[in-house]
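Q: Have a look at this one.
The values are calculated or read from the model by the stated rules, or taken from the named source; none is laboratory data. Keep in mind that this is a model prediction, so the values were computed, not measured. Every residue, glycine among them, receives a Cβ derived from its backbone with ideal geometry; neighbour counts consider all protein chains shown.
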Amino acid sequence: MNWLATPWDLRKRGVMGMNRRNVELINPYNNREAYPLVDNKLRTKRLAAKAGIPTPELIFAISQQFEIEAVPERLHELDRFVIKPSQGSGGRGILVISGRRNGRYVKSSAEEVDIQEIKRRLTNIISGLYSLGGRPDSAIIESLVVSHGMFASLSVDGVPDIRVIVFRGYPIMAMLRLGSHASDGKANLHQGAIGVGIDITTGTSIGAVRHDRMVTHHPDTGESLEDISIPNWQEVLRLASRCFDVTNLGYLGCDIVIDANAGPLLLEMNARPGLAIQIANGSGLEPRLRAVSEREAFAPTVDERVGFALQGFGGAI
Amino acid sequence: MTTQGFSFVMVAVLLAVSGAGIAIYRHLDTGIPFVSDEERRVWQVEARIEFLAAGAPAEVLLTLPPAQDGFFVLSETGASPGFGFTVDRSGPQRRAHWTKRLAGGSQILFYRMALVEDAQHEITPQPPNQVRTMYFDGTYSAAASEVLNDFLPRSTSAKSLADQIVEAANTRPLSQNMNLLKQGYEDAPLIAALLNRAGIAARTVKALQLEDGRRHQPLQDFVQVWHEDAWLLYDPQAGWIDDASELLLWQTGTPSVFDVVGGTRSQVTFSMTSQSRSALTLSNLRSSPFDLSLNDLPIAEQGMFKLIMTLPVGALVVVFMRLMVGVRTSGTFMPVLIALTFLQTELLAGLIGLVLVVGAALLIRTYLSSLNLLLVARIATLVVVVIALVLLLAVVSYRLGLISGLAITFFPMIILAWTVERMSILWEEEGPAEAMIQGAGSLLVAILAYLVMSLPIVRHLSYNFPELHLCVLAAILLLGRYTGYRLLELYRFQPLARRNT
């Protein structure tokens with residue numbers, strides 16, 4: 001059967017399945033108490049600020065319905081901003097405003113929305129429409145990241161981000177995520193974004209997937225996805241590695257954007273990162289997990305951990 | 001395997017074994033069958049006593065059937081309005097005892113019992129106290145002696161003697177002696193008396209021939225002969241009865257079947273009917289008050305629990321589909337709730353109703369999203385919308401003569417409203433494709449869960465052997481630690497496998 005892999009083939013390639021991820025990585029390595037730190041983006045931002053990890057600038061946050069009335073005024077000065085639910089997941093509920101036209105706001109998809117639409121979105125966010133379990137939520141208004149020049153031609157609408165999987169503080173696998181029309185510019189693979197596997201040792205692209213299948217060119221822009229090189233690669237890995245120190249989550253996904261001016265910024269963290277990254281990188285997670293597990297137990301520094309990754313995990317990849 | 005993993009598996013195995021063990025024990029103990037279609041015959045027997053009361057205190061005694069092979073008593077009632085009723089257990093046989101301080105005119109008393117045919121039901125026979133010696137009058141005594149002198153040398157046991165005597169009493173032409181005896185005695189007492197005279201324990205008994213739908217039947221005389229630690233039953237005309245499954249012994253140890261004090265013109269007649277009932281219903285009826293069972297609940301609650309007890313099986317289906325297959329559903333256990341509803345509506349009617357209501361509500365929901373409502377208010381609005389749609393569907397389908405359309409009312413409205421809301425958000429946020437995938441996944445899992453939950457064997461076992469849920473629990477626990485690939489991941493990760501080759 002050509003369209004089905006055999007379990008032993010996958011096992012041989014060290015591919016991590018969903019069940020195995022949950023039982024062997026998330027349950028033992030991720031302490032439940034730390035989940036709110038990453039599930040609540042407002043808390044993540046504050047935590048990162050305390051630890052000196054750069055994030056996109058927080059403009060303001062609201063958590064009460066009555067505060068919405070004052071929002072138009074507070075947005076008055078702003079042309080470019082992002083509204084997101086603090087406890088949203090999978091990019092749900094995020095509204096990216098990239099400019100103004102005729103007194104209306106322009107979404108990243110070039111669609112125009114009026115202030116009423118923005119207020120409605122804020123209402124939905126606060127009433128918990130996008131949060132897990134429908135809990136009341138806060139809305140975050142933060143500054144829009146100015147994408148690094150090299151990404152401009154690669155992505156449609158939104159800002160591409162780099163997902164780095166961090167295991168016990170070691171960055172073990174990375175992927176560049178590019179929005180497409182299908183994903184409404186969101187860098188979310190479920191919705192049709194493109195994942196470009198990145199060689200962890202060099203920061204250059206390996207291959208790309210869309211809807212879990214290999215692609216070589218961006219479907220909307222037609223750009224080749226083959227010779228991408230991430231700027232500030234070491235800095236990206238260092239940033240991801242530091243996230244472990246502030247959250248203590250052993251199996252963590254860090255989403256990092258590269259701002260044209262500020263360099264790598266932490267966008268958010270994920271305590272249950274997905275597995276499509278393996279397809280993008282053309283290799284399973286397990287050899288790298290094993291290589292890290294075999295390292296000594298005492299806490300190495302960020303530099304040591306990043307160094308180990310840059311050397312290809314002592315030959316594991 | 002780690003120690004922890006090993007002890008975990010041990011816990012699961014322990015759960016499964018104890019669940020199965022309790023189930024097997026209960027099966028052996030109470031006879032609840034593992035499959036539900038064993039049928040058994042139940043006899044409803046009614047004794048009707050009529051008498052004309054003399055306008056004085058009246059007292060009626062009726063001998064009740066003894067415990068016997070082949071039948072067990074399911075229930076018995078003898079209460080009659082106006083009469084005090086007790087069962088007197090002091091004599092050799094139980095007797096029903098009715099009393100009334102002042103009874104006048106025609107009186108009718110009923111005694112009813114339900115008996116179940118059960119070939120396995122055996123009673124240790126009561127040995128005879130001592131052989132009564134019957135004294136025959138004058139000439140009869142001589143005739144009896146001669147009859148016995150004929151047969152005793154030719155017989156080796158109680159049974160062979162009884163066989164010969166019964167045969168002699170019915171073979172024409174009768175011998176002179178036998179002819180004489182038969183003129184003086186009824187067949188049954190004569191046979192018993194002859195056997196007694198030979199020192200063999202034998203007695204006349206009265207029994208009821210069971211035949212479906214017969215009314216006003218009398219008791220018939222039979223002879224019981226003690227042979228090799230058991231009572232053999234003889235028909236005074238036809239001889240030894242091998243298969244007594246349609247004979248109900250009624251009177252064995254008391255001098256009379258019934259006695260009436262304070263009345264005249266009394267008579268007792270018997271009626272009976274038979275019906276088939278599943279062995280399950282019977283063992284339920286038989287269960288003792290100490291046997292804790294769902295059957296002790298009122299009938300209405302039992303019906304509800306019959307549904308609830310299938311839920312764990314549905315949950316197992318969901319766990320399996322999620323962890324082994326990898327089907328995405330909208331709301332983890334929502335499919336089980338839908339399956340539960342399908343159980344009440346029948347699959348097709350439920351499916352059509354569900355798709356219609358959710359589809360229509362989704363359309364209305366797109367309008368609601370432009371109203372900029374708060375979440376709680378929006379859900380509440382959807383609840384009202386869903387109820388209106390359900391009402392509409394029920395009325396329209398009823399008008400069209402489709403009674404099954406009414407089944408839609410079984411759906412939990414709040415669950416429907418939430419489903420609509422979830423699907424709608426999914427549609428807006430993840431796109432129609434994802435909404436369709438999760439909607440179809442939910443329906444697929446719901447239908448599968450329904451198919452499993454509606455299997456007669458599953459419904460039967462889950463309700464009658466609640467302990468088997470320990471096995472279900474063990475399976476869920478084991479699945480919860482399954483770290484292999486999901487079936488759909490074999491498709492998803494297929495590019496990774498191909499790369500190397």
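Q: How about region B:338-352: which of its residues are surrounded by fewer than 19 Cβ atoms within 10 Å (Cβ to Cβ) and either under 21 Å from residue B:426 (Cβ atoms) or touching a Pro at 6+ places or on another chain (Cβ under 8 Å) (or both)?
A: Correct list: B:351 only.
Q: Oh, and also: Could you go through region A:38-57 and let me know if any residue there is assigned to a helix (DSSP H, G or I), of a type in the set (A, V, I, L, M, F, W, C) and within 14 Å of chain B (Cβ to nearest Cβ).
A: no
Q: Hey, another quick one. Take the residues of region B:354-383 that are of a type in the set (Gly, Ala, Ser) and at pLDDT below 85: which is nearest to residue B:316 (Cα to Cα)?
A: B:377
Q: Within the set of pairs 6+ apart or on separate chains, which have a first residue in region B:475-501 that is closer than 30 Å to residue B:15 by Cα and at the interface with chain A (Cβ under 7 Å from one of its Cβ atoms), a second that is modelled with pLDDT under 85 and loosely packed, with under 15 Cβ neighbours inside 10 Å, and C-beta atoms under 9 Å apart?
A: B:481/B:5
Q: Do the conditions hold for residue B:434, that is, is it in a helix (DSSP H, G or I), facing chain A (nearest Cβ under 10 Å) and surrounded by fewer than 19 Cβ atoms within 10 Å (Cβ to Cβ)?
A: Answer is yes for this residue.
Q: When you scan region A:184-201, do you find a residue that is surrounded by 24 or more Cβ atoms within 10 Å (Cβ to Cβ), free of Cβ contacts under 8 Å to residues at least 24 places away in the same chain and assigned to a loop (DSSP other than H, G, I, E, B), even just one?
A: yes
Q: When only residues in region A:116-145 that are aliphatic (A, V, I, L, M) and out of contact with any helix residue (DSSP H, G or I) (no Cβ under 9 Å at 6 or more places or on another chain) count, which is nearest to the other protein chains (Cβ to nearest Cβ)?
A: Ranking the candidates gives A:125 first.
Q: What about residue A:128, is it under 23 Å from the mean Cα position of the chain (by Cα) and surrounded by fewer than 20 Cβ atoms within 10 Å (Cβ to Cβ)?
A: Answer is yes for this residue.
Q: Same structure, new question: What do you reckon, is residue A:78 part of a loop (DSSP other than H, G, I, E, B) and either within 14 Å of another protein chain (Cβ to nearest Cβ) or at negative phi (or both)?
A: When the stated conditions are applied, residue A:78 passes them.
To keep it simple, each residue is scored yes or no on (1) among the aromatic types (Phe, Trp, Tyr); (2) on the phi < 0 side of the Ramachandran plot; (3) away from every other protein chain (no Cβ under 12 Å).
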{"residue": "B:317", "(1), (2), (3)": "no, yes, yes"}
{"residue": "B:326", "(1), (2), (3)": "no, no, no"}
{"residue": "B:329", "(1), (2), (3)": "no, yes, yes"}
{"residue": "B:334", "(1), (2), (3)": "no, yes, yes"}
{"residue": "B:348", "(1), (2), (3)": "no, yes, yes"}
{"residue": "B:352", "(1), (2), (3)": "no, yes, yes"}
{"residue": "B:364", "(1), (2), (3)": "no, yes, yes"}
{"residue": "B:367", "(1), (2), (3)": "yes, yes, yes"}
{"residue": "B:371", "(1), (2), (3)": "no, yes, no"}
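Q: Could you list all residues from region A:7-29 that are outside any helix (DSSP H, G or I) and facing chain B (nearest Cβ under 7 Å)?
A: Across region A:7-29, the qualifying residues are A:13, A:15, A:17.
Q: So is residue B:77 polar (S, T, N, Q) and crowded, with 18+ Cβ neighbours inside 10 Å or not?
A: Judged against the criteria, residue B:77 is not a match.
Q: Kindly establish whether residue A:110 is at pLDDT 85 or above, over 21 Å from residue B:369 (Cα atoms) and among the hydrophobic types (A, V, I, L, M, F, W, C).
A: no
Q: Report the residue count in region A:115-160 for those that are farther than 22 Å from residue A:183 by Cβ, of a type outside the set (Gly, Ala, Ser) and touching a Pro at 6+ places or on another chain (Cβ under 9 Å).
A: 4
Q: Sticking with this one: Filtering region A:138-180 down to residues that are assigned to a strand (DSSP E or B) and of a type in the set (Asp, Glu), which residue is surrounded by the most Cβ atoms within 10 Å (Cβ to Cβ)?
A: So the residue we want is A:161.
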